[in-house]
Amino acid sequence: MIRRPPRSTPSNSSAASDVYKRQPESVDPDKYVIATYYMEGDVNDILKRAEAIAVEQTTGTWTLVGEETRGVREKHVARVIGIYGIPAYQIPPAPSIRQFVLQLAFPVDNLADRISGLLSAILGNLTYDYIKLLDVRLPKEYVKNFKGPKFGIEGVRQLLGIYNRPLLNTMIKPCTGINAKTVAKLIYESAVGGVDIIKDDELNTDPKYCPFEERLSLGMEALDKAMQETGEKKLYTINVTDDIDNILEKAEKAVQLGANALMVDMVPVGFSVVKALAEDPSINVPILVHPTSWGSMTISHNSGTTDYVLYKLARMMGADMAIGPAVPYGKLPAFKHHYYLCAQVMRAPFYHIKRTFPMPSAGVHPAAVPLIIKDLGTDIIVAGGGAVFGHPMGPKNGAKAMRQVIDAALKGLSLEEAAEQYK
């Protein structure tokens with residue numbers, strides 16, 4: 001464990017017992033954000049450690065300070081409402097160092113109705129302390145300040161006129177190194193082959209060899225041509241990821257120039273920037289969020305946060321579509337329950353917040369598609385980059401193959417039967 005200055009609980013132990021009510025029913029769920037964590041530690045020290053964390057993430061620090069009065073703590077300190085040992089030993093003998101699930105309740109009044117306040121409270125300095133945020137319950141009182149997606153699953157379906165099947169996305173490959181004319185060519189070939197949504201790669205922002213405005217202009221011309229030929233509506237999510245002094249103006253300009261969808265890398269630009277984009281009335285197109293950099297916050301088993309907390313927040317910020325893991329069938333190592341939970345948190349009821357389209361991605365190929373549909377149903381976007389642009393018969397046929405395997409899965413055909421039917 002990290003060595004640090006000793007954390008202190010109040011010298012007045014009776015005051016401490018009043019403030020640290022270790023019972024979920026002791027807090028009003030409409031006035032507190034309840035965060036659930038995983039942590040490891042000594043059973044003989046766990047109560048003091050949990051109480052010190054509650055203080056340090058709200059009113060105090062490692063030692064008492066003069067203005068941290070009982071009144072301040074009573075109103076603003078986090079409550080320790082649960083400490084659960086895993087396994088749940090109750091009598092000795094038992095190991096002293098063990099695993100715990102910790103629940104803290106944070107007063108909504110501390111958070112200033114902003115995502116920055118929430119992240120500072122529930123993550124903050126905790127990420128230095130080998131503690132992992134597992135989930136967070138957000139009260140209606142807090143969430144009411146967020147509008148969520150403009151379109152959501154139902155709105156994106158309505159834009160495309162597709163109601164009875166998964167949508168198909170591709171991300172342009174190679175990721176970088178190609179000019180705007182090549183991007184437009186790849187947009188046309190994949191769109192005419194049957195892709196519904198063509199996404200800029202997250203790495204392709206605004207390089208000099210493929211400038212944003214030229215890429216958008218040529219890309220939308222290619223998309224329009226494909227739509228005329230196929231009679232199908234399509235979206236091109238142009239990547240507007242940029243620094244804070246450019247991104248809002250860039251997104252507004254993209255819409256003015258004819259963009260019909262946007263994408264953004266949420267962690268590099270910031271959660272509040274996604275919220276600003278989604279709530280801007282002039283940005284009246286769907287927003288796709290990419291999870292680039294999320295691994296730096298989620299990959300450790302004992303620190304940081306889980307992916308599904310980030311997807312919950314992305315949905316609350318206004319993501320209409322969000323790329324998520326297809327880990328059992330793709331190129332990223334993870335567990336199947338994790339992939340389920342990420343999709344679930346984007347589609348489960350969440351107060352007034354519309355549902356976000358999950359987009360299982362990363363190494364998805366035709367053979368994985370029936371499995372993903374079986375697991376997650378049809379309210380998903382199937383995403384294949386290499387599967388489309390690496391197809392031996394070219395991107396148009398790569399797109400066609402992905403559409404055909406979706407159709408086959410919905411008809412209950414095996415891959416072998418589909419191969420007999422579709423060239």
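Listed values, structure above:
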{"item": "Packing-based order for 101-108, 323-330, 255-262, 354-361, using average beta carbon neighbours within 10 Å, highest first", "result": "354-361, 323-330, 101-108, 255-262"}
{"item": "Gain in span if fully extended, Ala367 to Lys140, counting 0.36 nm per residue against the direct Cα distance", "result": "77.6 nm"}
{"item": "Per-pair calculated FRET efficiency, R0 = 51 Å: Asp45 and Gln344 via Cβ, rounded to 0.05", "result": "0.90"}
{"item": "Carbon plus sulfur fraction of accessible area for the range 146-236, probe 1.4 Å, in percent", "result": "53 percent"}
{"item": "Accessible area in square angstrom per residue, the range 79-201, 1.4 angstrom probe", "result": "42 Å²"}
{"item": "Spin-label model distance (nm) - Asn284 vs His337, 7 Å beyond Cα toward Cβ", "result": "4.6 nm"}
{"item": "Residue-wise HN-Hα coupling along the range 133-141, computed from phi with Karplus coefficients 6.51, -1.76, 1.60 (Hz; x: Gly, Pro)", "result": "6, 8, 6, 9, 9, 9, x, 4, 4"}
{"item": "P(r) tail fraction, the range 247-392 - alpha-carbon pairs more than 25 Å apart, %", "result": "30 percent"}
{"item": "Residue-count net charge about Lys354 - beta-carbon cut-off 11 Å; Lys, Arg +1, Asp, Glu -1", "result": "+3"}
{"item": "Amide H partners (placed H, <5 Å) of Tyr32, local residues excluded", "result": "Val108"}
{"item": "Residues whose placed amide H lies under 5 Å from that of Asp265, excluding near-sequence neighbours", "result": "Thr241, His290"}
{"item": "Amide hydrogen neighbours beyond the local backbone of Lys199, cut-off 5 Å, H modeled", "result": "Thr170, Met171, Ile172, Thr237"}
{"item": "Kirkwood Rh in Å, taken over all unlike Cα pairs in the chain", "result": "23.3 Å"}
{"item": "Highest to lowest packing among 201-211, 186-196, 165-175, scored as the average C-beta count within 10 Å", "result": "186-196, 165-175, 201-211"}
{"item": "DSSP-defined antiparallel bridges as percent of all bridges, the chain, nearest 5", "result": "50 percent"}
{"item": "Cβ-based net charge around Lys173, under 13 Å, with every Lys or Arg adding one and every Asp or Glu removing one", "result": "-2"}
{"item": "The range 287-423, accessible area per residue, ligands and nucleic acids excluded (1.4 Å, Å²)", "result": "41 Å²"}
{"item": "Positive minus negative residues near Glu279 (Lys, Arg vs Asp, Glu; Cβ under 15 Å)", "result": "+3"}
{"item": "Stokes-Einstein diffusion coefficient of the range 112-167, Kirkwood radius over Cα pairs, 10 °C, 1.306 mPa s, in µm²/s", "result": "109 µm²/s"}
{"item": "Residues of type aspartates and glutamates that Lys181 reaches as a straight line, Cα spacing below 17 Å, ignoring anything fewer than 8 places off in the same chain", "result": "Glu189, Asp200, Asp201, Asp206, Glu213, Glu214, Glu221, Asp224"}
{"item": "32 Å Cα-Cα threshold exceeded, pairs from Lys31/Lys331; Lys199/Lys411; Lys185/Lys354", "result": "Lys31/Lys331; Lys185/Lys354"}
{"item": "Under the Karplus curve 6.51 cos²θ - 1.76 cosθ + 1.60, θ = phi - 60°, whole-Hz ³J(HN,Hα) for the range 100-105, x wherever Gly or Pro sits", "result": "9, 10, 10, 10, 10, 10"}
{"item": "Fraction of accessible area attributable to carbon and sulfur, the range 41-99 (%, probe 1.4 Å)", "result": "58 percent"}
{"item": "At 1.567 mPa s and 4 °C, Stokes D of the range 85-185 from Kirkwood alpha-carbon radius, µm² per second", "result": "66 µm²/s"}
{"item": "Span from the the range 181-215 Cα centroid across to the the range 335-350 one, whole angstrom", "result": "29 Å"}
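The values are calculated or read from the model by the stated rules, or taken from the named source; none is laboratory data. All of these numbers come straight from a predicted model, not from anything done at the bench. Don't worry about glycine lacking a Cβ; one is built from the backbone with ideal geometry, like all the others, and counts go over all protein chains shown. All accessible areas refer to the heavy atoms of the entire protein, side chains included, with ligands and DNA or RNA removed. Shrake-Rupley method; radii C 1.70, N 1.55, O 1.52, S 1.80 Å.
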